[in-house]
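J.: Structure provided below as structure tokens; questions to follow.
The values are calculated or read from the model by the stated rules, or taken from the named source; none is laboratory data. Everything numeric in this text was worked out from a predicted model, so none of it was measured. Glycine gets a Cβ as well: all are built from the backbone with ideal geometry, and neighbour counts include every protein chain shown.
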Amino acid sequence: PQIFAFGNSLYSTAAEPSSRQRKPLTVPNLIGGSFVNSKSSAFIDVINPATQEVVSQVPLTTNEEFKDAVAAAKKAFPLWRNTPITSRQRIMLKLQELIRRDMDKLALNITTEQGKTLKDAQGDVFRGLEVVEHACGMATIQMGEYVSNVSHGIDTYSIREPLGVCAGICPFNFPAMIPLWMFPMAVTCGNTFILKPSEKDPGASLMLAQLAIEAGLPDGVLNIVHGTQDTVNAICDDEDIKAVSFVGSNIAGMHIYARASAKGKRVQSNMGAKNHAIVMPDASVDATLNALVAAGFGAAGQRCMALSTIVFVGGSKQWESKLLERAKALKVNAGTEPDADLGPVISKQAKDRIHRLIQTGVDSGARLPLDGRSIVVPGYESGNFIGPTLISDVTADMECYKEEIFGPVLLCMEAESLDEAINIVNKNKYGNGASIFTTSGVAARKFQTEIEAGQVGINVPIPVPLPFFSFTGNKASFAGDLNFYGKAGVNFYTQVKTITQQWKDSSGSSGINLAMPTSQ
Ligand code: NAD
């Protein structure tokens, strides 16, 4: 395989000191096993959000190149689907080993392109690695069913078969984890795959693909095309693509869901969120406040399961001052700096949008006990930094509450009772995650039963299930029927075929019978 140096050292290798910067590297597509530069004349800069340096340039892939990628995936499918499941699993076994080997390189690339801290970037890789580990047991997860003797001499069994060419469209916020939610499950089920990474941070996808090739994935089984709307629309429309996995915003996700479904494709679309934590007055104070701060400000709030709203119930509202102290103590810095708790947000536009949403809160009467908008990080003055921000006295009609902010901003609301708090959460259009902090089993059980969110935490702030379960957002946070990874993920990437077989001695044949066959 061709070797390319993504991410970390494009400007500062020993041979090429940063004072002699060269033209940024062009990010190649991966088509039929070869990393090839696009012939497109249109490119987008991949920008380090801590420094504004151009890390690389990502092409808006031409339609011809896109078609080549789909043709490569289609060509690879017959051989790959007939490759023994044990061989496919073994490639995943090797891939997980290689991901572990290159964990630091992957993390450095993620921090360079996405901005999160190195430790958090390792977590990004690790949560994806767990899906690869899960795919290593695909033969068991994918097992069919069998009922012997459904009628005289007749057995029925079901098998799960791959669909063909599948595609995945990724967001910027988890450059490793989300591609790894997609292609390892899809290809181990026997499909071939077209991956479209986020145009903001494509490096990790390429590094992972290179590792998959090193692990033995045959040419054409995994292909990568870059681009934005046009590439996405081409994926939705292509007759040879059977299923589309999407993770990202609601605007893109609902468009993709509608457009790809209209072409008869399966779609699983994980979208935006507004994740609430209900804090009961009987909760254990220190553990709860630490969890709230970590879940609200980790990854600069750019996780789909980040905590964005706290609902303090009864006496717990007095804890706001302690929350403020903890939030203030967090260190904002470039993700490569060892002391950083949170890094920058992804872009100048994202920063402006977050600033604006904070201001709408203030303008509509909320308090701002902590305002991170004017932060300057020494040495990284042009980075897209926002300090931890707390907005209090928030009400459900405010724009800052209705919109997903996707930044280091925690909203604080109040409720008199658990019923009132649950009602607030349930009225929100999103249904990704919701948590309760309490020492009461009764309150926890009521919350678990009545809350309308797909992923529920009880004293757990970010309840993202491990891959033997599935990622089960609901309401406006998900469109489709079959969720990502776990059994649902296998069902998404396979078609059930149900076979009825008859083997009996034909000497006793009872002649032609035109009535509907029954088992009586
Ligand atoms: P985004 O929707 O802007 O981009 C996601 C992908 O869609 C990218 O590959 C992009 O090129 C493409 N895209 C963007 N706009 C498009 C359009 N109009 N038409 C067609 N394609 C388009 O999302 P993002 O900003 O990269 O990611 C952040 C969002 O992702 C947040 O809303 C976050 O909650 C969500 N997210 C959800 C989950 C989840 O599992 N529910 C996980 C991670 C992120």
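J.: Here is a check on your reading of the model: is residue 392 buried (at least 17 other Cβ atoms within 10 Å of the Cβ) and either touching a residue at least 12 places away in the same chain (Cβ under 8 Å) or charged (D, E, K, R) (or both)? Can you show your working first?
T.: Details: buried (at least 17 other Cβ atoms within 10 Å of the Cβ): yes; either touching a residue at least 12 places away in the same chain (Cβ under 8 Å) or charged (D, E, K, R) (or both): yes.
So residue 392 passes the test.
J.: So which residues in the range 81-95 are in a helix (DSSP H, G or I), surrounded by fewer than 20 Cβ atoms within 10 Å (Cβ to Cβ) and touching a residue at least 24 places away in the same chain (Cβ under 8 Å)? Lay out the reasoning, then the answer.
T.: Residues of the range 81-95 in a helix (DSSP H, G or I): 81, 85-95.
Next cut, surrounded by fewer than 20 Cβ atoms within 10 Å (Cβ to Cβ) only: 81, 85-87, 89-90, 93-94.
Within the range 81-95, 81, 85, 86, 89, 90, 93, 94 meet the criteria.
J.: Quick check on the range 234-255. Is at least one of its residues out of contact with any helix residue (DSSP H, G or I) (no Cβ under 8 Å at 6 or more places or on another chain), away from the ligand (no atom under 11 Å from the Cβ) and modelled with pLDDT of 95 or more?
T.: Checked the range 234-255: at least one residue is out of contact with any helix residue (DSSP H, G or I) (no Cβ under 8 Å at 6 or more places or on another chain), away from the ligand (no atom under 11 Å from the Cβ) and modelled with pLDDT of 95 or more.
J.: Does residue 340 satisfy the condition of being touching a residue at least 24 places away in the same chain (Cβ under 8 Å), closer than 28 Å to residue 247 by Cα and not in a strand (DSSP E or B)?
T.: Values: touching a residue at least 24 places away in the same chain (Cβ under 8 Å): yes; closer than 28 Å to residue 247 by Cα: yes; not in a strand (DSSP E or B): yes.
In short, yes.
J.: May I pose another question? Is it the case that the range 375-382 has a residue that's surrounded by 19 or more Cβ atoms within 10 Å (Cβ to Cβ) and either closer than 21 Å to residue 323 by Cβ or charged (D, E, K, R) (or both)?
T.: no
J.: Quick check on the range 257-273: of everything there that is within 11 Å of the ligand (Cβ to nearest atom) and not in a helix (DSSP H, G or I), which residue is surrounded by the most Cβ atoms within 10 Å (Cβ to Cβ)?
T.: 273
J.: What is the residue count in the range 201-231 for residues that are within 15 Å of the ligand (Cβ to nearest atom) and buried (at least 22 other Cβ atoms within 10 Å of the Cβ)? If you could, list the steps in order and put the result at the bottom.
T.: If we filter the range 201-231 for residues that are within 15 Å of the ligand (Cβ to nearest atom), which is where we start, we get 201-206, 224-231.
Pick out the ones that are also buried (at least 22 other Cβ atoms within 10 Å of the Cβ) and you get 201-206, 224-227, 231.
Final tally of qualifying residues: 11.
Each row is one residue, and each column tells you yes or no for (1) more than 16 Å from the ligand (Cβ to nearest atom); (2) touching a Lys or Arg at 6+ places or on another chain (Cβ under 9 Å).
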| site | (1), (2) |
| --- | --- |
| 469 | no, yes |
| 480 | no, yes |
| 483 | no, no |
| 486 | no, no |
| 489 | no, no |
| 494 | yes, yes |
| 501 | yes, no |
| 505 | yes, no |
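J.: Is it fair to say residue 191 is more than 12 Å from the ligand (Cβ to nearest atom), polar (S, T, N, Q), buried (at least 24 other Cβ atoms within 10 Å of the Cβ) and touching a residue at least 12 places away in the same chain (Cβ under 8 Å)? Outline the logic, then answer.
T.: On the way: more than 12 Å from the ligand (Cβ to nearest atom): yes; polar (S, T, N, Q): yes; buried (at least 24 other Cβ atoms within 10 Å of the Cβ): yes; touching a residue at least 12 places away in the same chain (Cβ under 8 Å): yes.
When the stated conditions are applied, residue 191 passes them.
J.: Scan 119, 75 and give me the residue that is modelled with pLDDT of 95 or more, under 25 Å from residue 35 (Cα atoms) and basic (Lys, Arg). Outline the logic, then answer.
T.: Values: 119 fails: under 25 Å from residue 35 (Cα atoms).
One residue alone meets the criteria, 75.
J.: Go through (1) within 16 Å of the ligand (Cβ to nearest atom); (2) over 17 Å from residue 274 (Cα atoms) for residue 405 and report which single condition fails.
T.: Condition (2) is where residue 405 drops out.
J.: Still on this structure, please answer the following. Within the range 130-148, work out how many residues are within 14 Å of the ligand (Cβ to nearest atom) and in a strand (DSSP E or B).
T.: Just the residues of the range 130-148 that are within 14 Å of the ligand (Cβ to nearest atom), to begin with: 131.
Subset that is in a strand (DSSP E or B): none.
Residues in the range 130-148 being within 14 Å of the ligand (Cβ to nearest atom) and in a strand (DSSP E or B): 0 in total.
J.: Follow-up question, since we're still on this one. Out of the helices (runs of 4 or more DSSP H) lying entirely within the range 149-256, which hold 2 or more residues that are under 21 Å from residue 64 (Cα atoms)?
T.: Working: elements: 177-188, 203-214, 229-237.
So the answer is 229-237.
J.: Looking only at residues that are assigned to a loop (DSSP other than H, G, I, E, B) and over 25 Å from residue 333 (Cβ atoms) in the range 282-315, which one is nearest to the ligand (Cβ to nearest atom)?
T.: 283
J.: Moving on. Test each condition in (1) more than 18 Å from residue 269 (Cα to Cα); (2) in contact with a strand residue (DSSP E or B) (Cβ under 8 Å, 6 or more places away or on another chain); (3) not acidic (Asp, Glu) for residue 196 and report the one that comes out false.
T.: Condition not satisfied by residue 196: (1).
J.: Among all residue pairs at least 6 apart or on different chains, which show Cβ distances below 6 Å where the first residue, located in the range 283-309, is aromatic (Phe, Trp, Tyr) and the second is modelled with pLDDT of 95 or more?
T.: Hits for this filter: 297/330; 297/342; 297/388; 297/408.
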